[in-house]
Amino acid sequence: LNSQTQVRNTTITAAGMSCISFVNGDTATVTFADNNQLKNCSVGVGFISMSNAVLNLGNNQLIASKVGYIAEVTGHNNTIKGRVAVLPGIGSPMLLQGHGHHSSVSFHGSARVGGVIVNGTNHTVTGELDLVFPTPTAMEWAAIGVSGHGHTVNMAVNVTLASLHEARRGVYVQGSHHRIYLTGVINAVTTGVHVIGDDIHVIAPGQGLHLLNVGGGVMFENSTHGHAYGTFTITVANSGLSSITSQHTVFGSQQLTELPLRTRCNRTLYPMLFLQSQHAIFTRSSELTFGLAYNDSTVMVSACSNVSLSGSIAGAQTRHGVLVQISTGISMSGVLDFQQMTGAGVGVTDTNDVVITGNLTMRFVNIGLSVHSVTNMLFSPNNFTANDVINGMQLINVTNTTLGGKCRTHDAE
């Protein structure tokens, strides 16, 4: 209790559950200094049932090898800091459990199972995570795994898998009321950021987050009140921003304190995807651009209700701009700008209660606006320009449709 402890020039090998543990301490400070090596155990450093204590892992002065976790922290209101190399054979760098910890540890190297795992309640986690998972069977969970309630995670990441593999996530968030701030690069995972829970915000400040060679970019699945904003770049992916079987998903800022959403998707099949979701919104201040020779790209809304596209969406050299199908209560009031589409700029099929009032610009597309089997539609854009198209507007099997607004076409068949 109330102690100051330094660990120096210590080597512990094959110790069983943990190499060294500090238990039931209050307001203690433990510092790893000079040359310390921990080998062949489940946990390198255990900080168990500690409270209001400080664990300083040093500046590359702790070398752990063939351990499950370099550090495991339980208890409440502890502070963990330092910079630690992660050697091949390490399972995961750190496991946080308990309540109210403050971690500012940076990890760099190569891990086998996962990265920083955050359980419990109300932790604050900052620092850098620079990890390579060297084999296709590596990373059984996530580079950053979050569960529990009320965490704030703010990390710079550089995470790469050797190859895309089943069910590997860059960041996996479960639970409720988390704020996840991410910058850097996540490469070759099944899902870049996977969210399942309630009131979880994914924010990419500054230069933002680049998700590369991923199945899904930022995915809210079975979630409520999910929220994404900041700067995202998504390159080579099945989906960019997606809301799947979720409710009240918000892409973009709703308050002045929130960053605007700026998303660029290159070679992404669905730059934005709403699937079996209710009450979703792409906010007015948000921007989404997509293209770069991925010919099937489409912003897709499928089997949804009450979806509002209020922001700016621009695409080029793809299949469709926005495609809505089997849905109800769809609103498009933003700026839509599509060029060189082999299909429709905006396509709506088998859908009820549609309102389109934004600014639409189409050029070199097959059909500017294609509507098929739709009931109750208001199409009254501020401006609808369709140039160099085959059909500016095509309506088939529509009921209770009102057309108005300003529409112009040039060089249309």
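What aspartates and glutamates sit close enough to LYS81 to cross-link, taking a C-alpha to C-alpha distance under 20 Å and skipping anything fewer than 8 places away on the same chain?
ASP26, ASP34, GLU72, GLU128, ASP130
About the Cα centre of the chain, how large is the charge dipole given +1 on each Lys and Arg Cβ and -1 on each Asp and Glu Cβ? Please answer in debye to the nearest 20.
With Lys and Arg at +1 and Asp and Glu at -1, about 620 debye.
Using a 1.4 Å probe over the heavy atoms of the protein chains, calculate the carbon and sulfur portion of the accessible area of the stretch 339-400 as a whole percent.
44
What relative contact order, as a whole-number percentage, does the chain give when Cα pairs under 8 Å and 6 or more residues apart are counted?
This gives 6 percent for the chain.
Whole-Hz ³J(HN,Hα) for each residue in the stretch 180-195, computed from phi via Karplus 6.51 cos²θ - 1.76 cosθ + 1.60 with θ = phi - 60°, x for glycine and proline: what do you get?
Working through the residues one at a time gives 10, 9, 9, 9, x, 9, 10, 10, 6, 10, 5, 9, x, 10, 10, 10 Hz.
How much accessible area per residue does the chain have, counting only protein heavy atoms and a probe of 1.4 Å, in square angstrom?
Ligands and nucleic acids excluded, the figure is 38 Å² per residue.
Going by average Cβ neighbours within 10 Å, how do the peptides 58-65, 94-101 rank, with the highest at the top?
94-101, 58-65
Run the paramagnetic zone check for ARG408: 7 angstrom along Cα to Cβ, then residues of the stretch 328-352 with backbone nitrogen under 16 Å.
Correct set: 336-338.
Below 8 Å, C-alpha to C-alpha, sequence gap of six or more: please give me the relative contact order for the stretch 77-134 in percent.
38
List every residue whose amide H lies under 5 Å from the amide H of THR231, counting only residues 5 or more places away in sequence or on a different chain, with H placed 1.01 Å from N in the peptide plane.
ALA204, LEU209, ARG262
Go through (i) 323; (ii) 113; (iii) 147 and flag the label whose value is the computed volume of the Cα convex hull per residue in Å³ for this structure.
Answer label, from the structure shown: (ii).
For the stretch 166-258, with all protein chains present and a 1.4 Å probe, just round the carbon and sulfur fraction of the accessible area to a whole percent. Mind showing how you got there, number by number?
Numbers: 1430 of 2950 Å².
The C+S portion of the solvent-accessible surface of the stretch 166-258 is 49 percent.
Hey, can you grab everything whose amide H is under 5 Å from the amide H of ALA412? Only 5+ residues off in sequence or another chain; H modelled, so Pro and N-termini drop out.
Those qualifying (amide H under 5 Å, at least 5 residues apart or on another chain) are ASP388, VAL389.
What distance in nm separates the two pseudo spin-label positions at SER104 and ASP34, each 7 Å out from Cα along the beta-carbon direction?
Reported label-point gap for SER104 and ASP34 is 2.6 nm.
Read phi for every residue in the stretch 272-285 and hand back ³J(HN,Hα) as whole Hz from Karplus 6.51 cos²θ - 1.76 cosθ + 1.60, θ = phi - 60°, with x for Gly and Pro.
Working through the residues one at a time gives 9, 9, 10, 10, 6, 10, 10, 6, 10, 9, 10, 6, 4, 7 Hz.
Using each residue's phi in the stretch 397-408, evaluate 6.51 cos²θ - 1.76 cosθ + 1.60 at θ = phi - 60° and report the 3J(HN,Hα) Karplus result to the nearest Hz, with x for Gly and Pro.
6, 10, 10, 6, 10, 10, 10, x, x, 9, 10, 9
Taking the Cα centre of the stretch 163-279 as origin and charging only Cβ (+1 Lys, Arg; -1 Asp, Glu), how large is the dipole, in debye to the nearest 20?
It works out to roughly 320 debye.
Taking the Cα of PHE364, stepping 7 Å toward and past its beta carbon, and measuring to each backbone N in the stretch 294-317: which are under 15 Å?
294-295, 315-317
Ordered by packing density, taken as the mean number of other Cβ atoms within 10 Å over each peptide's residues, highest first, how do 185-197, 399-411 rank?
The packing order, highest mean first, is 185-197, 399-411.
Based on the alpha-carbon gyration tensor of the stretch 1-136 and its eigenvalue square roots a ≥ b ≥ c, which shape applies: rounded if a/c is under 1.5, prolate if not and a/b is larger than b/c, or oblate?
oblate
The values are calculated or read from the model by the stated rules, or taken from the named source; none is laboratory data. All values derive from a computational prediction rather than experimental measurement. Reconstructed Cβ throughout: ideal geometry from the backbone, glycine too, with neighbour counts over all protein chains shown. Ligands, DNA and RNA are stripped out before the accessible areas are found, and what is left, the full protein with its side chains, is counted by its heavy atoms. Shrake-Rupley method; radii C 1.70, N 1.55, O 1.52, S 1.80 Å.
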